[in-house]
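Novice: Just dropping this structure here.
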Protein chains: 2
Amino acid sequence: VVTGGDPRAIVAAKRDGTTLSPAEIRAFIEGSTRGDVPDVLTAAFLMACFIRGLQDAETLELTRAMVESGQTLDLTGLRAAAVDKHSTGGVSDGVTLVFAPLGAALGLAVAKLSGRGLGHTGGTLDKLESIPGFRTDLEPSELHAQVERIGCAVAAQSSNLVPADGRLYALRDATATVESIPLIAASVMCKKLAVRTDLIELDVKAGSGAFMKTPVAATELAEACLALARGWERACIAHVTDMSQPLGDAVGNALDVVEAVHLLRGEKGGRLRDLTVRLAGDALARLEGVDPDEAADRADRALDDGSALERFRLMVEAQGGEPQVVEDPERILPRAPVIEPIVAVRAGTLAAVDAEAIGSASAALGAGRFRKGDPIDPAVGIVCTPKIGDRLEAGAPVGTVHARTRQAAREGAAAVLASFTLVDGPVPPPPLIHADLG
Amino acid sequence: VVTGGDPRAIVAAKRDGTTLSPAEIRAFIEGSTRGDVPDVLTAAFLMACFIRGLQDAETLELTRAMVESGQTLDLTGLRAAAVDKHSTGGVSDGVTLVFAPLGAALGLAVAKLSGRGLGHTGGTLDKLESIPGFRTDLEPSELHAQVERIGCAVAAQSSNLVPADGRLYALRDATATVESIPLIAASVMCKKLAVRTDLIELDVKAGSGAFMKTPVAATELAEACLALARGWERACIAHVTDMSQPLGDAVGNALDVVEAVHLLRGEKGGRLRDLTVRLAGDALARLEGVDPDEAADRADRALDDGSALERFRLMVEAQGGEPQVVEDPERILPRAPVIEPIVAVRAGTLAAVDAEAIGSASAALGAGRFRKGDPIDPAVGIVCTPKIGDRLEAGAPVGTVHARTRQAAREGAAAVLASFTLVDGPVPPPPLIHADLG
């Protein structure tokens, strides 16, 4: 069954557990993208794919059809080697804000096409747009030129890039077919494959704040993504990293920028800095043949000596934002009218955190959106400082809620405290990185 | 998960192989019927049901939600016991045209709500409407009164009856989820369960011209339908009958009425008469406690003595049709401009017939529709006389094609001949009835 046939025959074959041919997959996705295949049939197809699974060759062809549904972008051939770092989404996952200028400071080219936040996960574009004047709608030529000049840029993914992905994702969201490893891998990778860079670096999150709740599931997704990269003959490395708790402290938009600036000024340590240093170091090691430990040291130094901060300032300036944000972020960025402390109500060791609940609480304050296209409030959010293994004392502050009203602040604080599991004995902190692959 | 929850959770549960609760099934179908559940989610639900299957209790609740989606009709409490005979559709399946007046002649009440033809199967309404003036849009009160007075009526199923079924069927057709035993059983039975009669009699067809290609599959469907009737505490019997070849000779609309009139005049024997006699006899036996052989004899006599024909004449008259059709059907009914004989090109014993191909060839002439709502041509069609086991001689006529053009007639004749499998040795005729159930 190929183009011209009844697309229901392709769906029936998948329904019955048959492996589809490349021509069938391509015909179906092309028909779906053109609108020849009705949405209800695509919905049934997605459910059949979810239940019956997809072989590697089918997933590969699916990404090919998705990539070919739109324009592509070539970011190779710059002065510097280009890395496309991608995280699968989490809570307080401000890696990109730091990684982009840090990579640039290390001599790499980081042209990052980002998306917006949805549900409990934040979006890099939303965070950067909390900087007054910052624009993310860069033309491909602008993006190119900025990366060549400064070393980094973060822009919105054009709607011309893999339009089939947006369409399929919306349908998956509407039809309870999101949590399928091959469909997730295809969706993650088609966006990376449509933009040619020298290295794809995947940060696949695992844990309570991630889409993949366990390292095993996250590893399976990482392997599926790596298989697609191999099929496209693209260099790719993947890390399965911990999202059993918010990675940094800030869960919001302006609040994340504040935290990123403090990291870039070398004033703040912790897991968000450690992971970003590892990711940037590994990209440098892979692209420039630098020894990984030496590469990580260079990344650490670039945070401490202000060179990464300078790249951030240049990027903000180039994209129309207020560069003063690097000197006094709290003054430049929007600030919520109500800022309330979160106070621990009882003592104990933090054994687990429902990071998704914290993400959702921040979204409920207005920092996130529950439907695509909803507006967000850049000023509000949550700062939550304890990490698993930390000892909490009753009455001691564990963070702040930034809200529009006292009532909302109280609800946010209660949600944060409810997300904690406290125990009496000591608890070891979880690993930062579960696995390095590829 | 019940009403008010996210309907995607219900779909996810079925997707993962969970048996749904009655409340979940009901909430989903109600939401789908109201339009609260988007079509794409219903499509995904149907695919999940197709692949994961439905337990008896789930299918039962599905019919309940479908029946409750619209109005119901009570045809019990008439002077005579009411039987609702239903065939699952085949080629040259003119049973209803004969059964309704025959049942009435036997003292039963036959109020038949019918549908229109689709694809290779004909529809009783289309056939009857080839009689000039015949109307099928009877109000419930008209239907009641006519059955009480004459003993039979054949009317169009109101759109208020099980509206959820029409909606779900259209979605199944669009999403490659038609061939699911529980979904078919629910669709067949919801229409029977929404109309209260004293007996449901199912004629489940098996073979090349039927939806179910084998007696095993047809028996499975019959059992699923009987289970639903038991769940509703409704009397129901089912027959698995042969559709490995056209049941009668005529495959069209006016042509079927001509054949029915010849049967009702007692002028024609064969498998269509034999099956109709068996079905009417079994209904009489079950409803009136008559011995089955005696009941079949009475049915035979009612065809031979003109009493069934008289009921047909009264029904045609009551529904506005030209009653002269019972005297001279060929003159009263529309006639195609081109009537060509079909001539066997080689000798042999008819071993198999692709009845669906003959149905499709008739539909291609204009007698059927490929999409709901398409117009049909009442005059055209095919008459094909040989049955499996018959000896064909080269050059001998095996039927006629009734067409608009010579070209169409030639194509129709070729399709009929191509549908035959001829062998040299003798072939036993297939049984007429594979199984009696319930």
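Novice: Residue B:76 - would you say it is assigned to a helix (DSSP H, G or I), open to solvent by 30 Å² or more (accessible area, probe 1.4 Å), modelled with pLDDT under 95 and not aliphatic (A, V, I, L, M)? Break it down stepwise before answering.
Specialist: On the way: assigned to a helix (DSSP H, G or I): no; open to solvent by 30 Å² or more (accessible area, probe 1.4 Å): yes; modelled with pLDDT under 95: yes; not aliphatic (A, V, I, L, M): yes.
Criteria not met by residue B:76.
Novice: State which residue is nearest to the other protein chains (Cβ to nearest Cβ) when the search covers only the range B:43-58 and only residues that are of a type outside the set (A, V, I, L, M) and open to solvent by less than 10 Å² (accessible area, probe 1.4 Å).
Specialist: Checking each candidate, the answer is B:45.
Novice: Go through A:110, A:91 for me and flag whichever is within 20 Å of the chain's Cα centre (by Cα), away from chain B (no Cβ under 14 Å) and in a loop (DSSP other than H, G, I, E, B).
Specialist: On the way: A:110 fails: in a loop (DSSP other than H, G, I, E, B).
Selected residue: A:91, the only one of A:110, A:91 that is within 20 Å of the chain's Cα centre (by Cα), away from chain B (no Cβ under 14 Å) and in a loop (DSSP other than H, G, I, E, B).
Novice: Look through the range A:20-42, keep the residues that are in a helix (DSSP H, G or I) and among the hydroxyl-bearing types (Ser, Thr, Tyr), and return whichever of them is farthest from the other protein chains (Cβ to nearest Cβ).
Specialist: We begin by selecting, within the range A:20-42, every residue in a helix (DSSP H, G or I); these are A:22-34, A:39-42.
Next, only the ones that are among the hydroxyl-bearing types (Ser, Thr, Tyr) stay: A:32-33, A:42.
Values: A:32: 12, A:33: 16, A:42: 8 Å.
Residue satisfying both the conditions and the ranking: A:33.
Novice: What are the residues in the range B:282-300 that are open to solvent by less than 60 Å² (accessible area, probe 1.4 Å) and either in contact (Cβ under 8 Å) with a residue 40 or more places away in the chain or among the hydrophobic types (A, V, I, L, M, F, W, C) (or both), if any? Explain how you work it out, then say what you get.
Specialist: The first filter runs over the range B:282-300 and keeps only residues open to solvent by less than 60 Å² (accessible area, probe 1.4 Å), leaving B:282-285, B:287, B:290, B:295-296, B:299-300.
The answer is B:282, B:283, B:284, B:285, B:287, B:290, B:295, B:296, B:299.
Novice: Picking from A:394, A:409, A:367, A:415, which residue would you name as being hydrophobic (A, V, I, L, M, F, W, C), in contact (Cβ under 8 Å) with a residue 24 or more places away in the chain and closer than 19 Å to residue A:207 by Cβ? I'd like the intermediate steps shown before the answer.
Specialist: Values: A:394 fails: closer than 19 Å to residue A:207 by Cβ; A:409 fails: closer than 19 Å to residue A:207 by Cβ; A:367 fails: closer than 19 Å to residue A:207 by Cβ.
The unique qualifying residue is A:415.
Novice: Just the residues that are at negative phi and either under 17 Å from the mean Cα position of the chain (by Cα) or buried (at least 21 other Cβ atoms within 10 Å of the Cβ) (or both), please, taken from the range B:355-368. Break it down stepwise before answering.
Specialist: Taking the range B:355-368 and keeping what is at negative phi, we get B:355-365, B:367-368.
Selection gives B:355, B:356, B:358, B:359, B:360, B:361, B:362, B:363, B:365, B:367, B:368.
Novice: Could you tell me which of the residues A:351, A:308, A:344 is of a type in the set (A, V, I, L, M, F, W, C), at pLDDT 95 or above and touching a helix residue (DSSP H, G or I) at 6+ places or on another chain (Cβ under 6 Å)?
Specialist: Values: A:351 fails: touching a helix residue (DSSP H, G or I) at 6+ places or on another chain (Cβ under 6 Å); A:344 fails: touching a helix residue (DSSP H, G or I) at 6+ places or on another chain (Cβ under 6 Å).
Result: A:308 is the single residue among A:351, A:308, A:344 that is of a type in the set (A, V, I, L, M, F, W, C), at pLDDT 95 or above and touching a helix residue (DSSP H, G or I) at 6+ places or on another chain (Cβ under 6 Å).
Novice: Right, residue A:376: at pLDDT below 95 and either within 22 Å of the chain's Cα centre (by Cα) or within 17 Å of residue A:246 (Cβ to Cβ) (or both) or not? Reasoning before the result, please.
Specialist: Working: at pLDDT below 95: yes; either within 22 Å of the chain's Cα centre (by Cα) or within 17 Å of residue A:246 (Cβ to Cβ) (or both): yes.
When the stated conditions are applied, residue A:376 passes them.
Novice: So residue A:17 clears everything in (1) closer than 26 Å to residue B:12 by Cβ; (2) within 14 Å of chain B (Cβ to nearest Cβ); (3) surrounded by 17 or more Cβ atoms within 10 Å (Cβ to Cβ) except one condition, right? Which one?
Specialist: (3)
Novice: Just to be sure I understand the filter: pairs with C-beta atoms under 8 Å, separated by 6 or more residues or on different chains, first member in the range A:31-44 and at pLDDT 90 or above, second member surrounded by 20 or more Cβ atoms within 10 Å (Cβ to Cβ) and among the charged types (D, E, K, R). Which pairs pass?
Specialist: A:41/A:8; A:44/A:15
Novice: Further, regarding this structure: Counting just the residues of the range A:59-73 that are part of a loop (DSSP other than H, G, I, E, B) and in contact (Cβ under 8 Å) with a residue 60 or more places away in the chain, which one comes out farthest from the other protein chains (Cβ to nearest Cβ)?
Specialist: If we filter the range A:59-73 for residues that are part of a loop (DSSP other than H, G, I, E, B), which is where we start, we get A:68-70, A:72.
Next cut, in contact (Cβ under 8 Å) with a residue 60 or more places away in the chain only: A:69-70, A:72.
Details: A:69: 19, A:70: 22, A:72: 28 Å.
Here the residue is A:72.
Novice: Return the only residue of A:91, A:40, A:83 being surrounded by 22 or more Cβ atoms within 10 Å (Cβ to Cβ), in contact with a Leu (Cβ under 8 Å, 6 or more places away or on another chain) and under 25 Å from residue A:9 (Cβ atoms).
Specialist: On inspection, the qualifying residue turns out to be A:40.
Novice: With (1) open to solvent by 10 Å² or more (accessible area, probe 1.4 Å); (2) in contact with a Phe, Trp or Tyr (Cβ under 8 Å, 6 or more places away or on another chain) as the list, and residue B:177 as the residue in question, which single condition is left unmet?
Specialist: Of the numbered conditions (1) open to solvent by 10 Å² or more (accessible area, probe 1.4 Å); (2) in contact with a Phe, Trp or Tyr (Cβ under 8 Å, 6 or more places away or on another chain), the odd one out for residue B:177 is (1).
Novice: Something else now. Condition (residue is part of a helix (DSSP H, G or I) and either in contact with a Lys or Arg (Cβ under 8 Å, 6 or more places away or on another chain) or buried (at least 23 other Cβ atoms within 10 Å of the Cβ) (or both)) applied to the range B:245-253: is it met by at least one residue? Steps first, please.
Specialist: Pass one, the range B:245-253, residues part of a helix (DSSP H, G or I): none.
No: the range B:245-253 contains no residue that is part of a helix (DSSP H, G or I) and either in contact with a Lys or Arg (Cβ under 8 Å, 6 or more places away or on another chain) or buried (at least 23 other Cβ atoms within 10 Å of the Cβ) (or both).
Novice: Next question, about the same structure. Name every residue in the range B:394-426 that is of a type in the set (Val, Ile, Thr) and surrounded by fewer than 18 Cβ atoms within 10 Å (Cβ to Cβ), in order of residue number. Even if it seems obvious, please write down each step before you answer.
Specialist: Start the filter on the range B:394-426 by keeping residues that are of a type in the set (Val, Ile, Thr), which leaves B:398, B:400-401, B:405, B:416, B:421, B:423.
Listed by number, the residues that qualify are B:405, B:421, B:423.
Novice: Go through the range B:281-334 and give me each residue that's in a helix (DSSP H, G or I), closer than 19 Å to residue B:235 by Cα and either acidic (Asp, Glu) or out of contact with any strand residue (DSSP E or B) (no Cβ under 8 Å at 6 or more places or on another chain) (or both). Let's see the steps before the verdict.
Specialist: Residues of the range B:281-334 in a helix (DSSP H, G or I): B:281-288, B:292-304, B:307-318, B:323-326, B:329-332.
Cutting the leftovers down to closer than 19 Å to residue B:235 by Cα gives us B:281-288, B:292, B:295.
Within the range B:281-334, B:281, B:282, B:284, B:285, B:288, B:292, B:295 meet the criteria.
Novice: Out of curiosity, is residue A:172 within 14 Å of another protein chain (Cβ to nearest Cβ), assigned to a helix (DSSP H, G or I) and more than 24 Å from residue A:273 (Cβ to Cβ)? Reasoning before the result, please.
Specialist: Working: within 14 Å of another protein chain (Cβ to nearest Cβ): yes; assigned to a helix (DSSP H, G or I): yes; more than 24 Å from residue A:273 (Cβ to Cβ): yes.
Judged against the criteria, residue A:172 is a match.
The values are calculated or read from the model by the stated rules, or taken from the named source; none is laboratory data. In this text the structure is predicted, and so the values were computed from the model without any measurement. For neighbour counting, all protein chains shown are included, and Cβ atoms are generated from backbone atoms with ideal geometry for every residue, glycine included. Note: areas computed on protein heavy atoms with side chains; ligands, DNA, RNA excluded. Shrake-Rupley method; radii C 1.70, N 1.55, O 1.52, S 1.80 Å.
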